[in-house]
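Trainee: Quick one: this structure, given as structure tokens, is what I'll be asking you about.
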Amino acid sequence: MQKKDSLLRRLIPWIIALAAIAALVVFVGIPLYAPQADETVEAPVISYYEGDAKPLALENDALRFELDPATTAFKLTEKATGREWLSNPEDAAKDAVAVSTNKDTLQSTLIVTYSSASGVIDFNNYAYSIKNGTYSVSQPDENTVSVTYSVGKIEKVYLLPVATTVERFTAFTDAMSKKDAKKAKGVYTLYKPDKVATLDNRDELLALYPALAEQELYVLKADTSENNKAKTAGYFEAAGYTQEDYELDQQWVAGAKENDSPVFNVTVNYRLEGGDFLVEVPYRDIRYRAEYPITYLTVLPMFGAAGVDDEGFMLIPEGGGALINYNNGKLNQNSYYANMYGWDYGSERTEAVSETENAFPVFGMTRNGGSFICIMEGAPAYGGVQADISLRYNSYNWVCAKYNVLHSDRYNVSAKTARLVYMFEKQLPEDTIVQRYRFVDSDSYVDMAAAYGDYLRQRYPELAERQASEAVPVNVELLGAFDKKVVKLGLPVDSLIPATTFSEAEGIIGELTGGGAQNLNVRFSGWCNGGVRQKVLTRVKVLGQLGGEKGMKALIAAAKDKGAALAFDGISCFAYRSGLLQGFLPFRDAARFTTLEQVILYPYSPVWYQMDDAQDPYYLAEPHYAADRADALIAALKRLGAPGVAFRDIGSLLSGNYNPKNTTTREQVLAMNLEALKAAREAGQRVTIKRGYDYALPYADLVTDMNLQGTEYSIIDRNVPFYQIALHGAVDYTGQAINLTEDWQDELLRCAEYGAGLNFTFMAKDAQALQDSWYSGYFGASWSAWRDEASALIAAYQRDMAGLNRARIVGHEQPAEGVAVTTYEGGRQVLVNYTEADFRLGGVTVPARSYLVTGGDQ
């Protein structure tokens, strides 16, 4: 024993030294010495429009596209109806509401947002490119028109000599009329060497024009206005002055200050594909100066903009879909903006008042009895949708997409100073923005949704070949174990509390199926690695507190026997309560901001909207590490004989890693998530996801927790089931957990209106077990409190909705405030009354706070 103690004492200093070195590497070495990506950025090239005024056109059987090269504005015509769609309002320059800057925006086809020492700045391409002619137009093939913009504060180059010899100057002025020659001579000064030597500004002149020390030169006056430069260039052009002459005369100019102002190259390609209009912006063609990183691109901000005399609406992807009526007068409310696929946790944020999240990348507008939907087909993970009404900044209603280009995060240099440094991504993504405009000969959002549904089935053959279940789905999430501090021997000890054991889960499933529940899906969460706040899945260990592997296998067999589809929940993108012993090394396995800081997160407080550091922190996992954890989950469930996997994050969360050493963009993470979904299906797993982002749908057997209504932005006029109309009949989906919502009756009625299945969250233990834990959100989950009511709700709902789950939705209307009617193939209708009074519609009375299924084939 003494020898062991002696050896331990000798080892302790070495252990401490090694720990110190490790800490130095982790906390000092990485920020200071991590290799940076190549900071050299390809400089922008300034192009000038030199073509004629002849429009460039594309045409096929369905559409005709005409672009005016003098403005790059275009008109798109639907040939079957003659309906025209404009890139910009026709009378934008005369808009009575807009000030000059907003008039420029109305005439723009692109907005570049960049960062500088003075803040974040927008450049619209009308004021900073089109007006100055700093762009080029080409038609590389018969089905593409390409416009490359040089956007920025660019001094226009006129075709006239800045400096030239007396002989050359005289030769050209002699070729002009006397009137033009007099005006041309008026903007030049003849400098002679002997006179230059006596001037106060001789050093400046000689620096710009060194030849003045030896010979006479005519030099353009520095204060010549742009208008006079343009006129003088016209005189010289008429006299035969060419680009070659200009380049020859430039030999006399030296020491000109290099233009280091912010300038950006962005290429926009227009194509026709059948009845669709495609707009493409390749990230690889973007050029910028490193000191002015480009952060956002807004593409076609005014396409289809509707004026104050127009009637119709803008479609936005909020919840299942929402409408903003033209000219609704809600000028006291904020304009609309939401991130596609939610927040990117790889980007820093200091507060979260509300989560902005779009599950499907579509927006649209109506006009003159027709409409379009714009599908963000390429690089949607970088995008967001924004919309606004008329009379705030101009006379038009508009909706468009805005795309992130380079991410940035703040770095606090020192606690002793308020100075913040912004660090940006070093490389552009390799993706291409693609916006697909599809035109609909109807101004109904139902027909617009049907067009999107057709698109999804065309793009994803898996959806076209799939049919939803016969019975409307019911999902039940069972809460396994959760962590909680329990006082033992007078001390608080971290403990696992079994909320629902495997044997208790058998009993709940038996009661539900015994009560007649059909198409029952069960998600079992908190079954391994520390419970609901699951530790990383380096090794998957079934919790003994719930019954261990033996109990789990018994549950799998019982669920199969009762006809319930059982799936086991897992999360791979977050690392809760995990460290070295769990196989998670934060300095290696955590995602990082652009500042190289690890992404450490806390739950957000619903009171002060900032991170609540009273709770335990957790990490965003590096995407490749997260992908390995997803593979481990799939492999473990296959080994255990589980029939299904229920991803808690894949299909409902998308976050990048902006470590310059190993950047993974959101689009790359999206592709990795698709590989995980495919791997699960190839392993024979039934796949359940939450939320239901569009790209994950082809690989999901069930989507739960769809956010049907979304955030209640005040500018919105109506919520509609656009997404659900597109999907119904091909995908099984449910709303949110009825028993955990603020108003379970509202959620039930919304499920009926949106054609969704029912969703519940239960636990066998009494809700009092949740006291003094961080799981108060589950207080409504007690099975004993809901047993009778849930069984009755499920039975009644599945009976009423029988035969509808495989049918497509063909109609939806809101005949009165708080009343909705959803119509299915075959003529059956679901009438929903959210109000507190009975409502009579077409000879049928719908009771208050209830729904009724009528008509058609039963």
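Trainee: Considering only residues that are without any contact (Cβ under 8 Å) to a residue 60 or more places away in the chain and not in a strand (DSSP E or B), which ones fall in region 108-122?
Mentor: Scanning region 108-122 gives A117, S118.
Trainee: With region 196-289 as the region, which helices (runs of 4 or more DSSP H) entirely inside it contain at least 2 residues that are more than 30 Å from A73 (Cβ to Cβ) and open to solvent by 40 Å² or more (accessible area, probe 1.4 Å)?
Mentor: In region 196-289, the matching helices (runs of 4 or more DSSP H) lie at 202-208, 243-249.
Trainee: One residue is enough: does region 389-412 have a residue meeting the conditions open to solvent by 30 Å² or more (accessible area, probe 1.4 Å), among the charged types (D, E, K, R) and closer than 21 Å to N124 by Cα?
Mentor: Checked against the condition, which is being open to solvent by 30 Å² or more (accessible area, probe 1.4 Å), among the charged types (D, E, K, R) and closer than 21 Å to N124 by Cα, region 389-412 yields at least one hit.
Trainee: All but one of (1) farther than 30 Å from N404 by Cβ; (2) open to solvent by 30 Å² or more (accessible area, probe 1.4 Å) hold for T164; which doesn't?
Mentor: Condition (2) is where T164 drops out.
Trainee: Within region 345-364, count every residue that is in contact with a Leu (Cβ under 7 Å, 6 or more places away or on another chain) and either touching a residue at least 60 places away in the same chain (Cβ under 8 Å) or among the aliphatic types (A, V, I, L, M) (or both).
Mentor: The total comes to 3.
Trainee: Report whether or not P301 is within 30 Å of C573 (Cα to Cα) and buried (at least 18 other Cβ atoms within 10 Å of the Cβ).
Mentor: no
Trainee: Restricting attention to region 483-509, which residues are without any contact (Cβ under 8 Å) to a residue 40 or more places away in the chain, in a strand (DSSP E or B) and either touching a helix residue (DSSP H, G or I) at 6+ places or on another chain (Cβ under 7 Å) or open to solvent by less than 80 Å² (accessible area, probe 1.4 Å) (or both)?
Mentor: Scanning region 483-509 gives V486, V493, S495.
Trainee: Suppose we filter region 461-482 for residues that are at pLDDT 95 or above and open to solvent by less than 40 Å² (accessible area, probe 1.4 Å); how many remain?
Mentor: 14
Trainee: Condition (residue is surrounded by 24 or more Cβ atoms within 10 Å (Cβ to Cβ), in contact (Cβ under 8 Å) with a residue 40 or more places away in the chain, within 15 Å of the chain's Cα centre (by Cα) and not in a loop (DSSP other than H, G, I, E, B)) applied to region 636-655: is it met by at least one residue?
Mentor: No, that holds for no residue.
Trainee: Keeping to region 569-594, report how many residues are assigned to a loop (DSSP other than H, G, I, E, B) and over 22 Å from the mean Cα position of the chain (by Cα).
Mentor: Qualifying residue count for the region: 6.
Trainee: Sort out for me the strands (runs of 3 or more DSSP E) sitting completely within region 383-479 that have 3 or more residues that are touching a residue at least 12 places away in the same chain (Cβ under 8 Å) and more than 23 Å from N719 (Cα to Cα).
Mentor: Passing ranges, in order: 408-412, 420-424, 432-440, 474-479.
Trainee: Taking S150 as the residue in question, decide whether it is surrounded by fewer than 23 Cβ atoms within 10 Å (Cβ to Cβ) and part of a strand (DSSP E or B).
Mentor: no
Trainee: Could you please tell me which pairs satisfy a Cβ distance under 6 Å, a separation of 6+ or placement on different chains, a first residue in region 539-554 that is touching a residue at least 40 places away in the same chain (Cβ under 8 Å), and a second residue that is acidic (D, E) and open to solvent by 60 Å² or more (accessible area, probe 1.4 Å)?
Mentor: Partner pairs satisfying both residue conditions: V542/E549.
Trainee: Sticking with this one: Identify, please: which residue in region 342-355 is open to solvent by less than 30 Å² (accessible area, probe 1.4 Å) and in contact with a strand residue (DSSP E or B) (Cβ under 7 Å, 6 or more places away or on another chain) and is, among those, modelled with the lowest pLDDT?
Mentor: A352
Trainee: List the pairs whose first member sits in region 81-102 and is part of a loop (DSSP other than H, G, I, E, B) and basic (K, R), whose second member is open to solvent by less than 40 Å² (accessible area, probe 1.4 Å) and at pLDDT 95 or above, and whose Cβ atoms are under 7 Å apart, counting only residues at least 6 apart or on separate chains?
Mentor: That search, which allows pairs on different chains as well, returns R83/G370.
Trainee: Something else about it: Filter region 705-731 for residues that are within 21 Å of the chain's Cα centre (by Cα) and not in a loop (DSSP other than H, G, I, E, B) and give the result.
Mentor: Scanning region 705-731 gives N719, F722, Y723, Q724, A726, L727.
Trainee: For region 316-328, check the following and say yes or no: at least one residue is open to solvent by 10 Å² or more (accessible area, probe 1.4 Å) and either more than 28 Å from L708 (Cα to Cα) or β-branched (V, I, T) (or both).
Mentor: no
Quick grid of which residues meet (1) modelled with pLDDT of 95 or more; (2) β-branched (V, I, T); (3) farther than 30 Å from Q814 by Cα:
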position: A630; (1), (2), (3): yes, no, yes
position: R639; (1), (2), (3): yes, no, yes
position: D649; (1), (2), (3): yes, no, yes
position: G656; (1), (2), (3): yes, no, yes
position: R666; (1), (2), (3): yes, no, yes
position: E682; (1), (2), (3): yes, no, yes
position: T688; (1), (2), (3): yes, yes, yes
position: N719; (1), (2), (3): yes, no, no
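Trainee: Can you find a residue that is modelled with pLDDT of 95 or more and touching a helix residue (DSSP H, G or I) at 6+ places or on another chain (Cβ under 8 Å) anywhere in region 274-283?
Mentor: Scanning region 274-283, I find no residue that is modelled with pLDDT of 95 or more and touching a helix residue (DSSP H, G or I) at 6+ places or on another chain (Cβ under 8 Å), so the answer is no.
Trainee: If we keep just the residues of region 701-730 that are buried (at least 24 other Cβ atoms within 10 Å of the Cβ) and of a type in the set (V, I, T), which is farthest from V353 (Cα to Cα)?
Mentor: I725
Trainee: OK, next. A680 versus (1) within 25 Å of the chain's Cα centre (by Cα); (2) touching a residue at least 12 places away in the same chain (Cβ under 8 Å): which is the lone unmet condition?
Mentor: Of the numbered conditions (1) within 25 Å of the chain's Cα centre (by Cα); (2) touching a residue at least 12 places away in the same chain (Cβ under 8 Å), the odd one out for A680 is (1).
Trainee: Taking the stated definitions as given, is A567 without any contact (Cβ under 8 Å) to a residue 24 or more places away in the chain and either in contact with a helix residue (DSSP H, G or I) (Cβ under 9 Å, 6 or more places away or on another chain) or open to solvent by 10 Å² or more (accessible area, probe 1.4 Å) (or both)?
Mentor: Spelling it out, it is not the case that A567 is without any contact (Cβ under 8 Å) to a residue 24 or more places away in the chain and either in contact with a helix residue (DSSP H, G or I) (Cβ under 9 Å, 6 or more places away or on another chain) or open to solvent by 10 Å² or more (accessible area, probe 1.4 Å) (or both).
Trainee: Something else about it: Considering only residues that are at pLDDT 95 or above, of a type in the set (S, T, N, Q) and open to solvent by 10 Å² or more (accessible area, probe 1.4 Å), which ones fall in region 356-388?
Mentor: Q386
Trainee: Something else: Does E84 count as open to solvent by less than 30 Å² (accessible area, probe 1.4 Å) and either among the polar types (S, T, N, Q) or at pLDDT 85 or above (or both)?
Mentor: Judged against the criteria, E84 is not a match.
Trainee: Being assigned to a helix (DSSP H, G or I), over 24 Å from A767 (Cα atoms) and touching a Gly at 6+ places or on another chain (Cβ under 8 Å) is the filter; apply it to region 732-751 and report the residue that is most open to solvent (accessible area, probe 1.4 Å).
Mentor: Top of the filtered list is R750.
Trainee: Something else now. Among the residues of region 664-693, write down those that are of a type in the set (S, T, N, Q) and crowded, with 20+ Cβ neighbours inside 10 Å.
Mentor: T664, T665, N673, Q685, T688
The values are calculated or read from the model by the stated rules, or taken from the named source; none is laboratory data. Values in this document were obtained by computation on a predicted structure and should not be read as measured data. When we count neighbours, we look across all protein chains shown, and the Cβ atoms used for this are built from the backbone with ideal geometry, even at glycine. All accessible areas refer to the heavy atoms of the entire protein, side chains included, with ligands and DNA or RNA removed. Shrake-Rupley method; radii C 1.70, N 1.55, O 1.52, S 1.80 Å.
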